[in-house]
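Written out below as C-alpha cells is the structure these notes cover.
The values are calculated or read from the model by the stated rules, or taken from the named source; none is laboratory data. Quick caveat: nothing in here was measured; it's all calculated off a predicted structure. Positions of Cβ are generated from backbone atoms using ideal geometry, with glycine treated the same way; all protein chains shown enter the neighbour counts. Surface accessibility is based on the protein's heavy atoms, side chains included, excluding ligands, DNA and RNA. Shrake-Rupley method; radii C 1.70, N 1.55, O 1.52, S 1.80 Å.
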Amino acid sequence: MEVTRSQLCFFLFFIALFLVGSSLAQISINNGDEQQIYRSQFPQGFFFGTSTSSYQIEGAYLEDGKGLSNWDVFTHIPGNIQNNENGDFADDHYHRYLDDIEMMHSLGVNAYRFSISWARILPRGRFGNVNLKGIEFYNKIIDSLLIRGIEPFVTIFHWDMPQILEDTYGGWLNHLIQEDFVHFATICFKEFGDRVKHWMTLNEANLLAEFSYLTGQFPPSHCSPPFGNCSVGNSNVEPLIAMHNMLMSHAKAADIYHNDFQEKQGGLIGIVVNAFMYEPFRDDEEVDREAVNRALAFNVAWMLDPLVYGEYPAEMRQYLGLDLPRFSDKEKELIRGSLDFIGLNHYSTLYAKDCIYSACPAGSDHPIKGFFTTITERDGIPIGEPTGLKKVSVVPRGMKKIVDYLKERYNNMPTFVTENGYSPKIKQNEQGQYMLQDVDRIKFHKAYLAALASAMREGADVRGYFIWSLLDNFEWRHGYSIRFGLYHVDRISNSLQRDPKLSATWFTSFLTNTTFFNHTTLISAPSHNQNVEGAYLEDGKGFSNWDIFSHIPGNIHNNENGDVADDHYHRYLEDIEIMHSLGVNAYRFSISWARILPKGRFGNVNPKGIDFYNKIIDNLLLRGIEPFVTIHHVDMPQILEDRYGGWLNHLIQEDFVYFATICFNEFGDRVKYWMTINEPNLLADLSYLTGQFPPLHCSQPFGNCSVGNSDVEPLIAMHNMLMAHAKATEIYRKHFKEKQGGLIGIVVNAFMYEPFRDDEDVDREAVNRALAFSVAWMLDPLIYGEYPAEMRHYLGLDLPSFSNKEKELIRGSLDFIGLNHYSTLYAKDCIYSACSAGDDRPIGGFLSTFTERDGIPIGEPTGMKMLFVVPRGMKKMVDYLKERYDNMPIFVTENGYSSKTEQNERVENLLQDEDRIKFHKAYLAALAGAIRDGADVRGYFIWSLADNFEWRFGYSMRFGLYHIDRITNSLQRTPKLSAAWFTSFLTNTTIFNSTTQTSVPPHNLNVMHTAFDSF
C-alpha cells in the first residue's frame, strides 16, 4: 500500500536523533520514623557551614617558612598516633584550598570555620618574625571564600602551637604564653580583620586542658596516676593552670580586639567550648542529679563562667579549694563580659554518676574530676546508638538540653554550634564505596538539627550550625581511622581525591530546599547519547558503563567502541544542518548522564556538559526543530554500578531523580517533550536476563554469566526504573510543568505478536502473555498503578509489589507513550507444549517466540536476527495500545531498518537503500491505517539519522539515513537514497528510485524528524 503525506493529515512527523545522556538523582525523603527537618525551620541569615582546623587538613608541614608545631613533633614519636600516622600531608589543603572552597560552594554553605596555624604565621612565636607566606595563604583562603559568598569564621588557636613555646617555657603551664597568644591574635586581627567578622580565640580549652594535662593523651603528654602513666605532670593541678592561662589569653586578646579593632572592623569575638550534655545515671537518685550539675560545672561552666561572670563556678571553688587559681580584681574586670558569643561544640550525651556517696573507678573520686564518673549505658542499654568514638553516642535530645542550659545560665547569649558531627564505626578493610553511603550520618544531622530547631523555637538565640567536618581528616590520636567528613579522601591510592558522600548530597538538598530521596525510595533515569557523541572523556565527562563495557575485548563486534562514534560532540552543528535540510521539525536525542554528572550524585555537575546540550537545544530551535529529550538511554556513570549495583539497588532512584531534576532545571524552559527512560523492558532483558548488556548479569539457562539471577533481577531492575520514572514525573509536575508547559512520558520497546498456530487457543493466550510480559509490564503500572494480572498470576512473590503510597505515585504518571516498534514475532505456548530451556519458566511468561513457521519467515529478513519486515504489526501494536490504555497520546519514537550486512560491501551499494524506503513507506501506511481508525498518534521518528554505534553489533548494523565513512576515519556524512526520499515525502516533491517513479502527493502536515543513539 502506498502512503502519502496527505493521508496523515494533522499528523506530526519526526526523525529522532538520540544522544545518550546522563543525569543525577540525589535528593532524599525522610523515612517515616525520621525527624522531618527543613532549611525553612531556621531564620533567614542563619549560618550553615562546615568546620576544619589547620593541623588536621593543611599538610605542607614545613613548607613556605612554616615552623614545627607541637603536633608536628608529637606525631613523629612512634606509638603516639594510631598506625603511626601524622599530619605531614593531611588532606593537602595547603595546595588544594581552591578545590575545597569550590566544594563548599557546590554544597551551598554560607559559612566556613577554619583555624590559623600559629606556626605558619609565627614559626618561632614572638621570638621570630612573621612569615609572610603564611599571611598570604590565609588571605587567599579568606578572599576566595568571600568571592563565593561564604563567610569566614576564624579560630585563632585550635590546639597546634609553635613547638618553641613548649621548649622555651612550658607552653600553657606558663603565664608567658599569654603574651605570645596576644601577639599572635593581634597579627590576625590586623592582617585579616577587615574581612573576618567572626573570631574564636581558642577551640575547646576545656578538652585541651584534660587531654594534655590530665590524661596526657595530647602534647605535651603531662599526667600523673591514676589518670595516666606519663614521665612528667600533675593531673590534679596542671589542667587548672593551663585553663587559667588560656582564659586570660582569651580575655587579653578580646580586650585588644574590643578596644583597637572592633569599631573599625565591625566583627565579633567569642570562644569555643566542648560540651557534652549529662543525664543522671539513676533518675531517682538526688546524688546523681547533683552529679549532673557538677559535670556541667567542671566542664562547661569551668570555661564560660569566668568569661561571662568573672569567676569560676561555685561547685569548682567548693571542691577544689586552693588548687583552683584565683582571678585578681583587675583580672576579673578584664575577663568578665569578654565574650560576644559562645561557640558550642556538641556531639553527645553521657550518664553522670555520683562518686561522693558511691564507689567509682580510680580518678573519679578526685576533686579535679568533680567527684563523678561518666557512663555510656545503664542496665545494659546504651544511652544512644554507638559511633566510631568510644564515648560518643547518638543522643539528639542532648542538643536541645545543652542549648537550653547555655540559654538559662548565660542569659541567652548568642550561640553558634561550631561543631556537630558523626563518625561511623570503622570496619576493617572497608572500601571507599561503602563509606560513601553514609545514611547514618544523614540521620544523625537530621535528628540533631531537629533538636536544635526545637530549642530555637523556644527562644534560644542560636545563629549558626557547622558540620564537623568538610573532609575526612587527621583526627588527632586516632589518625585517619575516624572519619567525620561529608567528603571522603582517598588515602589508599595517595591521590587524596575528594569524593562526596551521600551526606554531602543531602546537605545540599537541605540547604537548597530541594527534595532528597533517601535509601528507601525509588527513582528512574532517561535516554542516551552514547551512540553518536564520541568525546568519551572530553571536557569533564566521566566514564559511563558502556565506556567500560565496550573496552573489554570480546564484548562488542570487532572490538569496536563509542570513543569517537559519529563525533557528534564536535559536529553537532553540521548534523543539525543535515536535519534542517531534510525538512524535519523535531529531533529526539538523549543526554549523557556521565557528561552532566561524571560521578553521579557523588560529584559536581559538569558545566561543559550543560553548555553542550544548551547549544544543541538552542540551535535546533533556531532552525524550527523541536527538541524531544530522553533523559536515560541505557548509559549511566560507571561509578553508580561500582558503588551500589546500578539498577538493582534502590539508591539508583536518588541518582536518577537528581539527574532528571538537573535536566528539567537547566533545559526545561525550552524542552517541551521529555522521556524519562528508553526501553526499560529491553534493558531489563538484555542486562539482567540474558546478560548481553552491562552489567552482564544472568544465570542458566539464559546465559553464562559470572553473576546474576535471571529469574529475579530483571524484575528488580524494572521496578526501580518504573519508580524512578514516577518520582521524576512527580517532581516535573509539581515544580516545573506549570511554568515550563511541557509533557513527560516514557519509551517502551514493543514487538507485536501473532499466534504460532492460528487455530490453537493456547497460542492465542501466549500472545496475550507475550504482550503482558513485555509491553504491559512497563505500561500497566504507570497508567493503572499495578503490574498486569498475567504477571502477578505466574510470577507470584518474585514480582515486586507496590505499596499503597507507591501506587498513588506511579498511577497516571504518563502524559504520553513513546513507542519503539520494529517487528513482529510468532508466540508459542509453553505451558501445554514442549519448549526450549528458559521458555518454560515464569520469568519468560511460559512462551517461546519464533520468526518463521512451517519454514516460511514471518516477513522479509533484515540485518538483525529477530527483526523482520512485518508492517501489519505497526497497526496491530498501535491498536493494542489504543484499546488497553484508553487511546493515550502516542509518539512512535523509533522505527527503522538495517539491511543485511555484506562483507566488504561497496559504499555505493550502501547508499542505494531501496529496501529502507520500502520499509518506511509500508510501516507509515500501516500507521496511517491505525490513525484513520482513531488512534491518537502524534509523531513518527525514524531510527536513525546516521549510521552509528549499535551496541553489541558495533558499527556492523546500519540504520541511518546518512552513511558515515569509517574506512578513511573522516566520518563524512553522505545521504543515502532514503534521505532524498524522506525529504521528498516531507516537502511534497517527487523522487525517482532506480526502478519506479513514486509520487508523493501534496499535504498540509507538519514534518518529521530523525533519531539515533549518541554512543
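Taking only protein heavy atoms and a 1.4 Å probe, the accessible area of the chain is 50% carbon and sulfur. Between the Cα long axis of helix 872-884 and the first principal axis of the chain there is an angle of about 50°, rounded to the nearest 10. Please give the Cα centre distance for the stretch 54-80 versus the stretch 720-754, rounded to the nearest Å. Here the answer is 55 Å between Cα centres.
For the stretch 600-728, the C-alpha radius of gyration sits at 1.17 times the compact-globule guess of 2.2 N^0.38 Å, with N the residue count. Residue separation of GLU285 and ARG126 scaled by 0.36 nm, minus their Cα-Cα distance, works out to 52.0 nm of gained length. Cross-link partners of LYS805 among lysines, defined as those whose alpha carbon lies under 20 angstrom from its own and excluding same-chain residues fewer than eight positions apart: LYS727, LYS734. Across all directions, the average projected area of the convex hull around the alpha carbons of the stretch 631-691 is 4.5 nm². Between ASN558 and SER970, the FRET efficiency from the beta-carbon distance, with R0 = 22 Å, is close to 0.70. Checking the a/c ratio against 1.5 first, then a/b against b/c, what shape does the Cα gyration tensor give for the stretch 769-844? Since a/c reaches 1.5 but b/c is at least a/b, the shape of the stretch 769-844 is classed as oblate. Computed 3J(HN,Hα) for the stretch 962-973, one whole-Hz value per residue from the Karplus formula 6.51 cos²θ - 1.76 cosθ + 1.60 where θ = phi - 60°, is 10, 7, 10, 7, 9, 5, 8, 6, 6, 6, 4, 8, glycine and proline marked x. You can think of it this way: the chain between ILE831 and GLN318 has 175.8 nm of extra reach, that is 0.36 nm per residue less the Cα-Cα gap. Peptide packing for 872-882, 62-72 was compared via the average number of neighbouring C-beta atoms within 10 Å per residue; ordered from the highest value, the list is 872-882, 62-72.
Remark on the chain: hydrodynamic radius 31.9 angstrom, per the Kirkwood mean of 1/r across alpha carbon pairs.
The simple spin-label model puts a point 7 Å past each Cα toward its Cβ; for ILE492 and LEU622 those points are separated by 4.7 nm. In terms of Cα atoms, the Rg and Dmax of the stretch 922-987 work out to 15.3, 49 Å.
All other residues whose Cβ lies under 14 angstrom from that of SER224 are scored, Lys and Arg at +1 and Asp and Glu at -1, for a net of -2. Once all protein chains are placed together, LYS737 keeps about 60 Å² accessible to a 1.4 angstrom probe. Compared with the dominant principal axis of the Cα atoms in the chain, helix 93-107 is inclined by about 60°. From most to least packed by mean Cβ count within 10 Å, the peptides 270-282, 562-574 give 270-282, 562-574. For the stretch 196-205, 3J(HN,Hα) computed residue by residue from phi via the Karplus equation (6.51, -1.76, 1.60; θ = phi - 60°) reads 8, 10, 9, 10, 10, 5, 9, 9, 6, 4 Hz, glycine and proline entered as x. Helical content alone sets the calculated 222 nm signal of the chain at -10500 deg cm²/dmol, taking -39,500 (n - 2.57) per DSSP H segment of four or more residues and averaging over every residue.
Cross-link partners of LYS876 among lysines, defined as those whose alpha carbon lies under 23 angstrom from its own and excluding same-chain residues fewer than eight positions apart: LYS828, LYS865, LYS918, LYS921. Between the amide H of MET675 and those of VAL629, THR630, ILE631, GLY745, distances stay under 5 Å, these residues lying 5 or more places away or on another chain, with hydrogens modeled in the peptide plane.
Across all directions, the average flat footprint of the convex hull enclosing the Cα atoms of the stretch 325-411 is 8.4 nm². Each peptide among 141-149, 394-402, 752-760, 334-342 gets the average number of other Cβ atoms lying within 10 Å of its residues, and from highest to lowest they stand as 394-402, 334-342, 752-760, 141-149.
By how many degrees, between 0 and 90 and to the nearest 10, does the Cα long axis of helix 977-987 differ from the longest principal axis of the chain? Result, in degrees: 90.
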